[in-house]
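Peer 1: Before anything else, here's the structure in question.
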Amino acid sequence: MPHLPILIFFPLATGVALFRHAECDYTSCMRPGVALLFLSCLVALPVYAAPDQSPHELYDALNALRLDPAATYQLVTANRIELRRGDVEIYFEEGKLAFLAPIDGRVTGFVFSGHGHALAFPRDVVEKQQMAHFLGAPVLDQVFLTAYVRFTDDASDDLLHQFQSAKLAPQLDTAFASLSDPLVAQLNVSQSLRILEDRLSQNPNPYFYAALEGVDTGPFDFLFDPQRREQVLFGQRRKSGNSMYYDVWASYSVPGSVPPPIAFHALDYTLDTTVLPDNSLDATAAVHVRAETSGERVLTFQLSRALHAETVTDEQSKPLAYFQNEGMTPQERSVRGNDYLHVVLPQPSQKGQEFTIHFHYRGNVIENAGNEVLFVGARESWYPHLGDQADFASYDLTMRWPRHLKLVATGVKVDEQNSGDFRAGHWRSEKPLAIAGFNLGEYASSSINSESRAIDVYANRQLEQAVSNRLDSEHRDSLPPIDVPFGMPGGRSREAMHPPPPSPADALKQLGKDIDASIRFYEKYGGPFPFRTLSVSQIPGSFGQGWPGLLYISTFSFLSPEVQNRAGLSTTRQEAFTDIVPYHEVAHQWWGNVVGWSNYRDQWIDEAIANYLALLFADSRKPSEHELRVWLERYRKQLQEKVPGSDALAGEIGALPLGNRLNSSKSPFGFEEVIYSKGSWVIHMLREMLRQPGAKDPDAKFVAFLRNISTKYAYRAVSTDEVEAVMTPAMDLEGGRSMEWFFEQWVRGTGIPHYRVEFSTHHTDKGEVVRGKLFQTGVPRSFIASVPLYANNGSGHIVFLGAVVAAGPETSFHFLTQVAPHKLVIDPQMTLLCTTSQTEKTEE
Ligand SMILES: [Zn+2]
């Protein structure tokens, strides 16, 4: 399901994205596995870089580094050679260790072959859980046979010191050096940019990286990089099915560390883009940047690998050095490349200095999904973008496109006119935007205008090929069985048997009205709609995305239940596309595009709020269908189901703050399986705790809580800790005490509690005394929850007895009631994410 585009990843030392999440794109760009192929017999000579080298010369020199055969050391166990970074210990116990030749007199790496040992003990509960998820134990304890290690820190001095103490002298070993050459040649390229960045900076952030070949795990990475907010990272590239994943075993910050300052911010973007008749782009961008720190030279922009930078220049049109998938062919770029463009300034930055970088780039990020239905890929990287999801900037967009198409974009349209065979349009942002985007097609459109805003809905007149195929009678028999959706007649009408070809454009008017209704609904929770216009556009595929003032909505959301049914969608999928997806994306207009997030650990907040509000909106429209209940039940069930191809239940993959890390080789759809379901439940439980039954508006506190966040964090990022802080006074649940227990259990924890009660009744003068025990399983012993119990007296009536605070596996309770219950019912109002089993009445 849908979510915001995401600009957050874990830039590995190389500046290469460790992984990124985009629908249907689970590719991750990582170094190749550390397979030591001792094939080459070439002997490399040390490389010495001249001090006045250009960035590209330095980069080439770094790539060309090879082992120095004269700097080989023979280690034995008694030497106890070790390196420590943060809480990580790496021992080189027995074997050969050879340094890379120095560059400008400094050593930046070594290769080790023999027997080593890596140990790490993350303290954070979320990280321990992930270690256990991937490695079977909450710690890393791995024997390794080879290591390729690079650094800009003092690792070589440290080792040389230890060698001296151990009275180890260097030996000449050309065989070892030449055998290691292929590995070194293959892996250098993954580290050269990171090393280059430190070499060019006046305030370098020395780092350490090791590619280790674990005996049990196979090749894995260890990174200690103070440039990252979370310095320590363990993980590995892993294939599952036909897709490659990057499994992050653990990523955490060293206690007491301060995240590095952001070096540059983009203030405004001027983008001039021509969509050529073959759908390729020819574009320029001028990005106005402010330096936030002094002494830095490298800016990293996000730019799709499908776009090739032709020139990068400064304000005086002087070329700037840049790196974009260096030395790769277009084919290699599509497989191994990354979506970054690194620009090197001629001089180190001065804090507060503003300047503009000009880009010219070309390539194809638009595909034809068949029947002239166009698909804009790279929606988050179709222009050079600096910063993350909470870096708000102003945008000025000029677009030219073939005249037969309609084009919609973020911002307010200032102008649109014919220009030869093209249309030309101009858009400007009215509010700061975290991202800009566009969509285009042979659209039909429909508008709803009111005083406060204009909503324009755009859809293709024809269906994309993939959906069209699903409707084709030839293919229909091979589709999965079809459930009859709600409200559908059991048999097919004549018309349904020979239907006219469906067109997404048929839905325009109704969808526009419904989206308008959702905006009115959401204004209660988030404040006035933030933009003057909202363009709602169709996108082939089965996802949605919500850009500021521009929605991308799946074709399926434009189809009637009858057509969705014919296309083989299950009832749940049909309802998701019809009732939830478009409105989830509308909710992102506030929750994501106004209240931002900049750390992947906080993405769940916007997703959970947007999704929960979409459930509330669906519920408000069809009160008799109890949509909120239906979806909460579905999500609860989903969290208890096994992840395909794994023993883990979805609810146990990992905690909400893991965000995109939930997508791994062990759970390719982990993000979707956990964030929407558990996230919606978490917001629901908060709402239930804030609820004031009997009040004029029982939800007033919940509304105030959301309004508070949307005001306080407008146009900046909100974090999990900040939500917790906003929450605590609002709740006054624990008499003003911290809400930490809730966030520990439900946000940072995994698992779902299971409850069962045993009880007995006995008659007294005052009434019936109900005594019993509440049993809690499936969660840690320290888990606390307030569990509402109701009495069923057999007449079908249930009466609230009270809430039992379950603390530990077994909690005793007693209540006084007027009618002896036949049965106790646990939380029939669904205020708590839990599972239950039948209550048992024991004999008195
Ligand atoms: Zn979303």
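Peer 1: Taking interchain pairs and intrachain pairs at least six residues apart, which have beta carbon atoms under 7 angstrom, with the first residue in the range 335-356 and within 21 Å of W382 (Cβ to Cβ) and the second among the charged types (D, E, K, R) and surrounded by fewer than 21 Cβ atoms within 10 Å (Cβ to Cβ)?
Peer 2: T356/E315
Peer 1: While we're on this one: So, in the range 199-211, exactly how many residues are touching a Leu at 6+ places or on another chain (Cβ under 9 Å) and open to solvent by 10 Å² or more (accessible area, probe 1.4 Å)?
Peer 2: Final tally of qualifying residues: 2.
Peer 1: Let me ask you something else. So which residues in the range 212-245 are within 18 Å of V149 (Cα to Cα), open to solvent by 40 Å² or more (accessible area, probe 1.4 Å) and either touching a helix residue (DSSP H, G or I) at 6+ places or on another chain (Cβ under 9 Å) or hydroxyl-bearing (S, T, Y) (or both)?
Peer 2: Q227
So that you can scan it fast, the table gives a plain yes or no per residue for (1) within 19 Å of F577 (Cβ to Cβ); (2) small (G, A, S); (3) away from the ligand (no atom under 16 Å from the Cβ):
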{"site": "D506", "(1), (2), (3)": "yes, no, yes"}
{"site": "A517", "(1), (2), (3)": "yes, yes, yes"}
{"site": "E523", "(1), (2), (3)": "no, no, yes"}
{"site": "G527", "(1), (2), (3)": "no, yes, yes"}
{"site": "T533", "(1), (2), (3)": "no, no, yes"}
{"site": "S537", "(1), (2), (3)": "yes, yes, yes"}
{"site": "S542", "(1), (2), (3)": "yes, yes, no"}
{"site": "Q545", "(1), (2), (3)": "yes, no, no"}
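Peer 1: Also, I was wondering about something else. From the list D247, D216, D278, D221, pick out the single residue that is within 30 Å of L183 (Cβ to Cβ), part of a loop (DSSP other than H, G, I, E, B) and of a type in the set (D, E).
Peer 2: D216
Peer 1: Checking the structure you have, find out if any residue of the range 2-20 is assigned to a strand (DSSP E or B), modelled with pLDDT under 95 and more than 16 Å from the ligand (Cβ to nearest atom). Steps first, answer last, please.
Peer 2: Residues of the range 2-20 that are assigned to a strand (DSSP E or B), as a first pass: 11, 17.
Imposing the further condition that a residue be modelled with pLDDT under 95 reduces the set to 11, 17.
Still in the running and more than 16 Å from the ligand (Cβ to nearest atom): 11, 17.
Yes, the conditions are met somewhere in the range 2-20.
Peer 1: Having 2 or more residues that are touching a residue at least 12 places away in the same chain (Cβ under 8 Å), open to solvent by less than 30 Å² (accessible area, probe 1.4 Å) and hydroxyl-bearing (S, T, Y) is the bar; report the strands (runs of 3 or more DSSP E) wholly within the range 784-844 that clear it.
Peer 2: Values: elements: 784-792, 798-807, 810-817, 823-826.
Hits in the range 784-844: 810-817.
Peer 1: Pairs, please: C-beta under 8 Å, at least 6 apart or cross-chain, first residue within 15 Å of A120 (Cα to Cα) and touching a residue at least 12 places away in the same chain (Cβ under 8 Å) and in the range 70-95, second among the aliphatic types (A, V, I, L, M) and open to solvent by 20 Å² or more (accessible area, probe 1.4 Å)?
Peer 2: Final answer for the pair search is G86/V254; D87/V254; V88/L119; E89/L119; I90/L119; Y91/L119.
Peer 1: Next question, about the same structure. Does V76 fit the bill of being within 20 Å of Q162 (Cα to Cα), of a type in the set (V, I, T) and open to solvent by less than 30 Å² (accessible area, probe 1.4 Å)? Before you say what the answer is, go through the steps one by one.
Peer 2: Working: within 20 Å of Q162 (Cα to Cα): yes; of a type in the set (V, I, T): yes; open to solvent by less than 30 Å² (accessible area, probe 1.4 Å): no.
Answer is no for this residue.
Peer 1: For the range 578-597, which residues satisfy the criterion of being over 21 Å from the mean Cα position of the chain (by Cα) and within 16 Å of the ligand (Cβ to nearest atom)?
Peer 2: The first filter runs over the range 578-597 and keeps only residues over 21 Å from the mean Cα position of the chain (by Cα), leaving 578-579.
Within the range 578-597, D579 is the sole residue that qualifies.
Peer 1: Right, another one. For the range 703-725, what are the residues that are within 19 Å of S598 (Cβ to Cβ), modelled with pLDDT of 90 or more and either open to solvent by 60 Å² or more (accessible area, probe 1.4 Å) or assigned to a helix (DSSP H, G or I) (or both)? Please lay out each step first, then the result.
Peer 2: Filtering the range 703-725 down to residues within 19 Å of S598 (Cβ to Cβ) leaves 709-725.
Then keep just the ones that are modelled with pLDDT of 90 or more; that gives 709-719.
Hits for the range 703-725 are I709, S710, T711, K712, Y715, R716.
Peer 1: While we're on this one: Enumerate the pairs (first residue in the range 702-729 and in contact (Cβ under 8 Å) with a residue 40 or more places away in the chain; second residue anywhere and of a type in the set (S, T, N, Q)) with beta-carbon separation below 6 Å, excluding pairs fewer than 6 apart on the same chain, so at least 6 apart or on different chains.
Peer 2: From residues that are in contact (Cβ under 8 Å) with a residue 40 or more places away in the chain, the pairs are A717/S598.
Each row is one residue, and each column tells you yes or no for (1) modelled with pLDDT under 95; (2) touching a Cys at 6+ places or on another chain (Cβ under 7 Å); (3) within 30 Å of Q74 (Cβ to Cβ).
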residue: R123; (1), (2), (3): yes, no, no
residue: M131; (1), (2), (3): no, no, no
residue: F134; (1), (2), (3): no, no, no
residue: A137; (1), (2), (3): no, no, no
residue: L140; (1), (2), (3): no, no, yes
residue: V143; (1), (2), (3): no, no, yes
residue: V149; (1), (2), (3): no, no, yes
residue: L160; (1), (2), (3): no, no, yes
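Peer 1: Follow-up. For the range 90-134, which residues satisfy the criterion of being farther than 27 Å from P204 by Cβ and open to solvent by 50 Å² or more (accessible area, probe 1.4 Å)?
Peer 2: E94, K96, H115, F121, R123, D124, V125, K128
Peer 1: Here's something else I'd like to know. Quick check on my filter: what residues within the range 598-629 are within 13 Å of the ligand (Cβ to nearest atom), among the small types (G, A, S) and more than 23 Å from L534 (Cα to Cα)?
Peer 2: Residues satisfying the conditions do not exist here.
Peer 1: Still on this structure, please answer the following. For the range 533-633, please list each of the helices (runs of 4 or more DSSP H) lying entirely inside it that holds at least 2 residues being open to solvent by 10 Å² or more (accessible area, probe 1.4 Å). Talk me through it step by step, then tell me what you get.
Peer 2: Details: elements: 561-566, 571-575, 581-587, 603-621.
Ranges flagged: 561-566, 571-575, 603-621.
Peer 1: A further question on this structure: Being open to solvent by 10 Å² or more (accessible area, probe 1.4 Å) and in a loop (DSSP other than H, G, I, E, B) is the filter here, so list the residues in the range 281-303 that pass it.
Peer 2: E292, T293, S294, E296, R297
Peer 1: Okay, moving on. Might you let me know whether the range 260-275 holds any residue that is of a type in the set (S, T, Y) and either in a loop (DSSP other than H, G, I, E, B) or out of contact with any strand residue (DSSP E or B) (no Cβ under 8 Å at 6 or more places or on another chain) (or both)? Before the answer, list the steps.
Peer 2: Step one: list which residues in the range 260-275 are of a type in the set (S, T, Y), which gives 269-270, 273-274.
This time we only want the ones that are either in a loop (DSSP other than H, G, I, E, B) or out of contact with any strand residue (DSSP E or B) (no Cβ under 8 Å at 6 or more places or on another chain) (or both), so: none.
Checked against the condition, which is being of a type in the set (S, T, Y) and either in a loop (DSSP other than H, G, I, E, B) or out of contact with any strand residue (DSSP E or B) (no Cβ under 8 Å at 6 or more places or on another chain) (or both), the range 260-275 yields no hits at all.
Peer 1: Which ones in the range 417-426 are open to solvent by 10 Å² or more (accessible area, probe 1.4 Å) and touching a residue at least 12 places away in the same chain (Cβ under 8 Å)? Before the answer, list the steps.
Peer 2: From the range 417-426, those open to solvent by 10 Å² or more (accessible area, probe 1.4 Å) are 417-424, 426; that's our starting set.
Within the range 417-426, N418, S419, D421, F422, R423, A424, H426 qualify.
Peer 1: Starting from residues that are assigned to a loop (DSSP other than H, G, I, E, B) and within 15 Å of the ligand (Cβ to nearest atom), keep the ones in the range 634-676 and report whichever is modelled with the highest pLDDT. Before the answer, list the steps.
Peer 2: Residues of the range 634-676 assigned to a loop (DSSP other than H, G, I, E, B): 641, 643-648, 653-655, 663, 665-666, 668-669.
Narrowing further to those that are within 15 Å of the ligand (Cβ to nearest atom): 663, 669.
On the way: N663: 94, F669: 91.
Residue satisfying both the conditions and the ranking: N663.
The values are calculated or read from the model by the stated rules, or taken from the named source; none is laboratory data. Remember, it's a predicted structure, so these values are computed and weren't measured experimentally. Neighbour counts are summed over all protein chains in view; Cβ atoms, including those assigned to glycine, are modelled from backbone coordinates with ideal geometry. Side chains included, ligands, DNA and RNA excluded: accessible areas come from the protein's heavy atoms. Shrake-Rupley method; radii C 1.70, N 1.55, O 1.52, S 1.80 Å.
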